[in-house]
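Below is one structure, written out as structure tokens; comments come after it.
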Amino acid sequence: MMQTNTNAPSRRTFLAGAGMTALLAGLHSTIPSEASSATREFRLRAAPGSAQLVPTQHPETAVWSYGSVPGPEIRVRQGERLRVVVENALAEATTVHWHGMRVPNAMDGVPDLTQRPIAPGESFTYEFDAVDAGTFWYHPHKRSFEQVGRGLYGPLIVEDLDPVAVDSDVTWVLDDWRLLNDASISADFGNMMDTGMAGRIGNTVTVNGQVVERFPVRAGERVRLRLINAANARIFALDFEGHAPQVIALDGQPIEPHTPENDRVVLGSAMRIDLLLDMTGAPGDRFRVTDTFYQGLEYRLLDLAYENEPLREQALDTPVRLSSNPLSEPDLTAAERHTVRFGGGMMSGMMDGAMMRGTGRTMGSMPGGIWSVNDVGATGHAMKPMLTLSLGRSYVLELANDTDWHHPIHFHGHSFRVLSRNGAATRYREWQDTVLMKPRERVEIAFVADNPGDWMFHCHILEHQAAGMMGVIRVAEADRT
Ligand code: C2O
Ligand code: CU
């Protein structure tokens with residue numbers, strides 16, 4: 001049976017009386033083996049394990065992980081080739097998807113569509129080039145609502161050849177867990193209530209796999225903060241009290257540097273945002289970083305804690321614009337247009353993220369057909385393409401959210417420009433691979449279909465994806481569709 005507790009992360013529970021200062025330990029990079037200079041080799045082993053997600057007066061949590069939560073940071077330079085050997089030590093099949101990386105179709109990690117799932121005890125070797133610099137991540141694409149939800153994910157950073165000057169380059173992988181009082185993961189994955197509504201919203205938010213109290217900074221420091229939302233469903237809107245973060249990249253792709261609307265940094269599931277954060281406070285200061293996305297459920301994520309020694313008197317004044325990645329610019333005058341409609345959901349008219357706890361029964365497998373794309377509710381990845389696009393041609397897709405819920409919609413194999421929202425042109429025509437649609441919103445995106453193969457697109461609220469909100473788009477030579 002379900003526990004009843006609130007959805008606001010329970011700092012009260014896990015930090016009470018702690019006075020604890022969980023420092024953000026740097027993520028460990030896996031050690032590249034001595035491969036040729038251009039190919040970097042990594043190993044990932046998916047297996048049951050444990051992690052100290054919450055402060056140490058509480059027990060460890062049994063997780064599924066790539067050795068740690070998050071998994072080891074994979075960090076390469078733009079233009080390098082990655083070879084990643086994935087070993088499956090889970091009791092069920094898995095795959096790895098390189099979220100946001102424009103890889104060849106066979107390396108995309110989609111079970112039954114681009115590869116046979118990796119059976120327990122088997123391995124699979126992925127190999128692809130790091131075409132774009134930026135902040136990416138990896139996660140399973142098989143039963144991801146449970147595999148990701150139990151801790152299988154990790155950061156993938158592709159360093160710029162020509163980086164902007166910063167004092168520190170820090171990654172925060174954000175996750176949201178539904179923990180019981182003994183710090184174990186609530187096993188109610190895929191219950192109807194989560195599935196039909198806002199997805200699995202948890203009660204404990206971690207940064208790099210830990211509930212974090214303070215993030216130490218120094219006055220005058222310039223931090224490049226790479227945010228990755230690895231949560232199944234939670235949408236974050238981060239407010240950096242007293243600071244004015246500049247967005248320099250979205251979903252790995254550079255964007256004209258700007259401060260976000262209302263200074264709120266909004267990330268739907270799977271999105272990444274790179275910020276430049278100038279530490280304009282004074283030695284000894286403390287500022288709160290709060291998440292204000294769900295009304296009435298705001299909470300403090302952590303404090304920026306200024307050390308007593310400043311780094312410099314004045315913030316850096318060096319250029320902040322990243323060099324762009326080699327993306328094909330869509331030709332809007334020649335583009336072919338299509339509409340893709342997203343439908344379904346259990347109820348309408350409720351506050352998004354009504355935050356009702358998962359009181360439904362746990363499903364052995366996810367129900368299909370609660371959500372749909374163009375009226376089709378997916379039941380698995382092996383789908384017939386919904387659209388066939390001609391290789392090399394430009395497309396504008398109008399994504400219509402016909403539901404009362406938010407949906408972060410992700411396309412594989414391509415990044416796209418976000419042209420408009422509800423008919424109003426976007427200010428930055430940002431490149432994204434995952435676009436967060438508000439309830440009832442219509443979003444136009446454009447891209448060149450330049451990567452051949454059958455590509456998934458789906459909502460990245462993993463419960464929505466599993467319950468039907470996904471489809472396949474084929475990119476093929478015009479004469480052999
Ligand atoms: Cu991040 Cu289809 O996934
Ligand atoms: Cu969704």
Can you name the condition, by its number, that Phe14 falls short on among (1) part of a loop (DSSP other than H, G, I, E, B); (2) modelled with pLDDT under 95; (3) more than 28 Å from Ala89 (Cβ to Cβ); (4) open to solvent by less than 70 Å² (accessible area, probe 1.4 Å)? (1)
Consider Thr292 against the criteria (1) touching a Phe, Trp or Tyr at 6+ places or on another chain (Cβ under 7 Å); (2) surrounded by fewer than 20 Cβ atoms within 10 Å (Cβ to Cβ); (3) more than 19 Å from Val170 (Cβ to Cβ): it satisfies all of them except one. Which criterion is unmet? (1)
Just wondering, is there one or more residues in region 182-196 that are within 16 Å of ligand 2 (Cβ to nearest atom), under 24 Å from Met469 (Cα atoms) and open to solvent by 10 Å² or more (accessible area, probe 1.4 Å)? yes
May I ask you to verify whether Gly369 is under 28 Å from Arg143 (Cβ atoms), at pLDDT below 95 and away from ligand 2 (no atom under 16 Å from the Cβ)? no
How about region 410-467: which of its residues are within 12 Å of ligand 2 (Cβ to nearest atom) and among the polar types (S, T, N, Q)? Thr434, Gln465
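Kindly indicate the residue of region 449-464 that is open to solvent by 10 Å² or more (accessible area, probe 1.4 Å) and within 16 Å of ligand 1 (Cβ to nearest atom) and also farthest from Asn422 (Cα to Cα) among those meeting that condition. Let's see the steps before the verdict.
First pass over region 449-464, keeping only residues open to solvent by 10 Å² or more (accessible area, probe 1.4 Å): 450-454.
With within 16 Å of ligand 1 (Cβ to nearest atom) added as a condition, the list becomes 451, 453-454.
Working: Asn451: 28, Gly453: 30, Asp454: 29 Å.
Once the filter is applied, the top-ranked residue is Gly453.
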Those residues of region 153-173 which are within 21 Å of Val207 (Cα to Cα) and assigned to a strand (DSSP E or B) amount to Gly154, Pro155, Leu156, Ile157, Val158, Ser168, Asp169, Val170, Thr171, Trp172, Val173
Over region 421-450, the set of residues acidic (Asp, Glu) and part of a loop (DSSP other than H, G, I, E, B) is Glu430, Asp433, Glu441, Asp450
Could you check region 384-419 and list, in sequence order, the residues that are in a strand (DSSP E or B), open to solvent by 10 Å² or more (accessible area, probe 1.4 Å) and either within 16 Å of ligand 1 (Cβ to nearest atom) or closer than 22 Å to Pro260 by Cβ (or both)? Phe411, Arg417, Leu419
Close pairs (7 angstrom Cβ cut-off, 6 or more residues apart or separate chains): charged (D, E, K, R) in region 185-198, open to solvent by less than 20 Å² (accessible area, probe 1.4 Å) and modelled with pLDDT under 95 anywhere: Asp188/Gly358; Asp194/Gly358
Within region 265-286, how many residues are crowded, with 17+ Cβ neighbours inside 10 Å and more than 16 Å from ligand 2 (Cβ to nearest atom)? 10
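Within region 179-211, track down each residue that is over 20 Å from Tyr294 (Cβ atoms) and in a loop (DSSP other than H, G, I, E, B).
Restricting attention to region 179-211, the residues satisfying the condition of being over 20 Å from Tyr294 (Cβ atoms) are 180-185, 187, 189-190, 192, 208-210.
Matches in region 179-211: Leu180, Asn181, Asp182, Ala183, Ser184, Ala187, Phe189, Gly190, Asn208, Gly209.
Modelled with pLDDT of 95 or more and either out of contact with any Ser or Thr (no Cβ under 6 Å at 6 or more places or on another chain) or open to solvent by 60 Å² or more (accessible area, probe 1.4 Å) (or both): which single residue out of Ala478, Ala446 fits that description?
It is Ala446.
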Please return the ranges of strands (runs of 3 or more DSSP E) entirely within region 44-152 where 1 or more residues are within 16 Å of ligand 1 (Cβ to nearest atom) and polar (S, T, N, Q). 134-139
Return the only residue of Phe287, Phe215, Phe293 being in a loop (DSSP other than H, G, I, E, B) and not basic (Lys, Arg). Phe293
Based on this model, can you work out whether Gly190 counts as at pLDDT 95 or above and of a type in the set (Gly, Ala, Ser)? no
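Each row is one residue, and each column tells you yes or no for (1) crowded, with 24+ Cβ neighbours inside 10 Å; (2) of a type in the set (Asp, Glu).
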{"position": "Gly79", "(1), (2)": "no, no"}
{"position": "Val86", "(1), (2)": "no, no"}
{"position": "Ala89", "(1), (2)": "no, no"}
{"position": "Gly100", "(1), (2)": "yes, no"}
{"position": "Asn105", "(1), (2)": "no, no"}
{"position": "Glu122", "(1), (2)": "no, yes"}
{"position": "Phe128", "(1), (2)": "no, no"}
{"position": "Tyr138", "(1), (2)": "yes, no"}
{"position": "Ser144", "(1), (2)": "no, no"}
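The values are calculated or read from the model by the stated rules, or taken from the named source; none is laboratory data. Just so you know, these numbers come straight off a predicted model, no measurement behind them. Backbone-built Cβ (ideal geometry, glycine too); neighbour counts: all protein chains shown. With ligands, DNA and RNA removed, areas are computed over all heavy atoms of the protein, side chains included. Shrake-Rupley method; radii C 1.70, N 1.55, O 1.52, S 1.80 Å.
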